[in-house]
Amino acid sequence: MRRLAGAFRQLRRYPSAVAGLTIVSGLLVLNIITVIAIPYPRALELWRGGEPWEMHPAYARPSWVNAFRRVNLPRTRIVSSRDAEVRSETLPSGRRMVIPLAFDYTDGAFPSEINLFLNARFETREPFLQLTWHTPDGRTVPLGGRTAARTDRVSISQDRALAGRLGLEPHEGLLARPGAPDDPEVLPGRYELRVEALLFEAEADLEATLVIYGQVHGWAGTDHQRRDLGVALLWGGPVAMAFGLLAAVGTTLTTLFIGAAGVWFGGWIDALIQRVTEVNMILPALPIMIMIGTLYSQSIWVMLAVIVVLGIFSAGIKMYRAMLLPIREAPYIEAARAYGAGNLRIILRYMIPRILPVLIPGFVSLIPSFVFLEASLAVLGLGDPVLPTWGKILHDAQSQSALYHGHYYWVVQPAALLMLTGLGFAMLGFALDRVFNPRLRDL
Amino acid sequence: MALREPAESHPSASPRGWTRNLRRVAVFTLARLAALFVTVLIGVYLAIVTANMGGKVDELREVQIRSGVAEAVRGDPGFQDLPAEQRNALIEQRVQIQRERLRLDQPFIVRSFGYLYQAMRLNLGRAEHMHSDRGSRQVSAIILERLPATLGLFGTASLILFFSSVAAALVLSRRYGSRLDRMVVGLAPTSAAPGWFYGMFLILVFAFLIPAFPSGGMVEAPPPEGFAYVRSLLHHMVLPLAAMFLSGIFISIYSWRTFFLIHSSEDYVEMARAKGLSSRMIERRYVLRPTLPPIVTSFALMLIGMWGGSILLEQVFNWPGLGTLMFRAIGQRDTPVIIASVVIFAYLLAATMFILDILYALLDPRVKLTGGRR
């Protein structure tokens, strides 16, 4: 313990160690906050996609890009009939409602999409609606009439007939200054979508929500399924760190135990362990893992188990063996034997603890390699099917050709976090190596 | 490799010592070959069992055969008039013929050794779904088409990486403590990220932001002829090579430099320096020569690591090599191609190890065949 404290004091002399430690502990705090703020089941539910995200824009960039742009990209505006001044008059056969959904649009860029969500309450007969679009300069664009189901979505941006009439995509044409279809420009001012509804039952009611999807969203942006990347960026941290740590602990401890047992028992056990290690060293590990991932299971736990199993007889055994061989002959081991300590006790209590401190740097340096291994598998499409991870964001980005379409944020953010994690542990590991390996200390 | 141990007496340079040296290397070579052969055997067998899902793939295949045969018999107008029993018997009979043709009537364990024997002889059989660009269904044709792409890319990358890092490390170990040296030490942790990771960034910057290089593929489409082909190939190789170089260079320089520094503080180097030998001479004779065996080892280990990482790098750069092939084969559940790629990977790894061992035995006069006895 005192040795560890001393090592810690020495670590402070290395700026890279301080930086690494800061990064790692910062990430750790962030991970803990994440796990508390977005509990595991909630994160999985969010990442499954679908309904929670329907009012989010797709392919939206993170909000911080506005800091680097001359023309600000719009955020999403949601106008609900609950906040609107709904006029209602009773007719002999029901009710007539006029819902003015008005909003100010002053951004320099067009929205990415416009949708109208409807919630109707009725017994048998669906309400009928008439939609009109009113621009700040007094034009009126009829958007047609239709009946409303109980929960309905009017995809104004998908209206091909409207696009034909406007000569532009609807979400651009409806907001554009008239007269310049080649170089459309936003006409700033107060717009209104007027919903005139005929309800055919006295008890019937209608709620309408107009969503003008922006081009930026949140601090992380969204993906092709409208999911907020922030969820996966945040949750990727705990997953990556847990995976890296567990894999590193699993492989190091098993390898160490096997190595120590080989040294202690010697003879054919040692020889067998050596041969198995040589076989294992040239087994193509990644192909085997890809096979298991494709053919059997993509669960992160199965992958972890495979990594640990393939890592038991790793090249590290050779190193541990070299370190443990002199220890085996040490007088204190002889003393332990003299008082009658069993094999297991000698291995676990006398041999392994002796070399543990020397293994810490290697152990820390192992973590990033497993973090990247998990990301590698996810990028190949073999990530855990339900977990939000950094590698899976990269995989989605690649399968949607994010770089080709210019969605750079989609690749850069998870990659930066991966790099930060990897770098944090690697810097710490390098510094620890210099602390624990006296020969390196002055180099 | 437990075969190495310091010898009590160094073999002298006399003619008799030389022949003994040769015999020593020969025995050593044979022993290593045998060990590597067993290793490849085990690796390939594991791959066969995994790729067949422990025999489960065969059950699927049998269902497929049955439905195919049933379809054919029911659809054949010649059998329309047969009574149902007779028709079922016919189906049964035909399924049996197919099963025997594919040897599915034998237990999986027995067949798996048959597969192993075929695979080890590089008799790789026919693909189930995939075919080579020329249209051949022979797995060996498919693989041979891809092998040069992988070997070319990764061979070039490792050679560049190896020579530039050793050279840079020698320079840095001479100027140890300089700003450049400290910079390399500081950058060493960046090697925690694998090549494909840097590849993604390079594609982002040099293929999309500044479109200087293609974002993937091996040559332009359609492939040009003659000299233009080579130029196109080199142009496409720049980014993947840069990615591998970036991910490996700093850690290699760092570890070599440390290694050289430790070795240049040995007594015999001090002695040589005291004798007044030139620093070039000291470097070559007293620092580089004794450190050569470990350098070669770690070069080979780097190569092995690169083979493993090739699947991802090729995937990211859309490089038509073995890695991409294997990944596609796994996606299409084309068992013969999967097994064949693993076999080729295992052979490549074994060949790398073998060359390493031979080099080691040649470079390190202390290597003896004494086994693990102490």
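The values are calculated or read from the model by the stated rules, or taken from the named source; none is laboratory data. In this text, all values refer to a predicted model and were calculated from it rather than measured experimentally. FYI the Cβ positions are ideal-geometry reconstructions off the backbone, even for glycines, and counts take in every protein chain you see.
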Task: Filter pass, B:Met237 being buried (at least 17 other Cβ atoms within 10 Å of the Cβ), assigned to a helix (DSSP H, G or I), touching a residue at least 24 places away in the same chain (Cβ under 8 Å) and out of contact with any helix residue (DSSP H, G or I) (no Cβ under 6 Å at 6 or more places or on another chain) - done: yes
- [ ] Within region B:39-75, track down each residue that is of a type in the set (Ser, Thr, Tyr), surrounded by fewer than 18 Cβ atoms within 10 Å (Cβ to Cβ) and within 14 Å of another protein chain (Cβ to nearest Cβ).
- [x] B:Tyr45
Open item on the list: Suppose we keep only residues that are hydrophobic (A, V, I, L, M, F, W, C) and facing chain B (nearest Cβ under 8 Å) within region A:376-413. Which one would you say is farthest from A:Gln215 (Cα to Cα)?
Closed with: A:Leu380
Task: Filtered residue count, region B:123-139, keeping only those that are among the small types (Gly, Ala, Ser) and buried (at least 18 other Cβ atoms within 10 Å of the Cβ) - done: 2
- [ ] For B:Tyr117, work out the one condition from (1) without any contact (Cβ under 8 Å) to a residue 60 or more places away in the chain; (2) closer than 13 Å to B:Tyr45 by Cβ; (3) surrounded by 17 or more Cβ atoms within 10 Å (Cβ to Cβ) it doesn't fulfil.
- [x] (3)
TODO: State whether the residues of region A:273-287 include one that is out of contact with any Gly (no Cβ under 8 Å at 6 or more places or on another chain), within 14 Å of chain B (Cβ to nearest Cβ) and among the hydroxyl-bearing types (Ser, Thr, Tyr).
DONE: yes
Task: Boolean, A:Gly259 is closer than 12 Å to A:Phe313 by Cα and crowded, with 22+ Cβ neighbours inside 10 Å - done: yes
- [ ] Hey, can you tell me all the residues within region B:140-161 that are touching a residue at least 40 places away in the same chain (Cβ under 8 Å) and either crowded, with 20+ Cβ neighbours inside 10 Å or of a type in the set (A, V, I, L, M) (or both)?
- [x] B:Ile142, B:Ile143, B:Arg146, B:Leu147, B:Ala149, B:Thr150, B:Leu153, B:Phe154, B:Ala157, B:Ser158, B:Ile160, B:Leu161
Open item on the list: Could you check region B:26-38 and list, in sequence order, the residues that are buried (at least 16 other Cβ atoms within 10 Å of the Cβ) and over 23 Å from the mean Cα position of the chain (by Cα)?
Closed with: B:Phe28
Open item on the list: Criterion first (over 18 Å from the mean Cα position of the chain (by Cα) and modelled with pLDDT under 90) does A:Ser25 satisfy it?
Closed with: no
Open item on the list: Against the condition buried (at least 24 other Cβ atoms within 10 Å of the Cβ) and either hydroxyl-bearing (Ser, Thr, Tyr) or within 23 Å of B:Val57 (Cβ to Cβ) (or both), how does B:Leu325 come out, does it pass?
Closed with: yes
TODO: Consider A:Tyr408 carefully, then state whether it is surrounded by fewer than 20 Cβ atoms within 10 Å (Cβ to Cβ) and modelled with pLDDT under 85.
DONE: no
Open item on the list: Anything in region A:376-405 that is of a type in the set (Ser, Thr, Tyr) and either assigned to a loop (DSSP other than H, G, I, E, B) or buried (at least 20 other Cβ atoms within 10 Å of the Cβ) (or both)? List them, or say none.
Closed with: A:Ser376, A:Thr389, A:Ser401, A:Tyr404
Open item on the list: Please go through (1) buried (at least 16 other Cβ atoms within 10 Å of the Cβ); (2) in a loop (DSSP other than H, G, I, E, B) for A:Asn115 and return the number of the only condition it doesn't satisfy.
Closed with: (2)
Open item on the list: Restricting to region B:165-190, name every residue that is buried (at least 22 other Cβ atoms within 10 Å of the Cβ) and not aliphatic (A, V, I, L, M).
Closed with: B:Ser165, B:Ser173, B:Pro189
TODO: Might you check whether a residue that is closer than 26 Å to A:Arg354 by Cα and either in a helix (DSSP H, G or I) or at pLDDT 80 or above (or both) occurs anywhere in region A:37-56?
DONE: no
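Listed here are the residues, each with its yes/no results for (1) of a type in the set (Asp, Glu); (2) under 26 Å from A:Ser16 (Cβ atoms); (3) in contact with an Asp or Glu (Cβ under 8 Å, 6 or more places away or on another chain).
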| residue | (1), (2), (3) |
| --- | --- |
| B:Arg175 | no, yes, yes |
| B:Val185 | no, yes, no |
| B:Ala193 | no, yes, no |
| B:Ala207 | no, no, no |
| B:Phe227 | no, no, no |
| B:Leu234 | no, no, no |
| B:Met244 | no, yes, no |
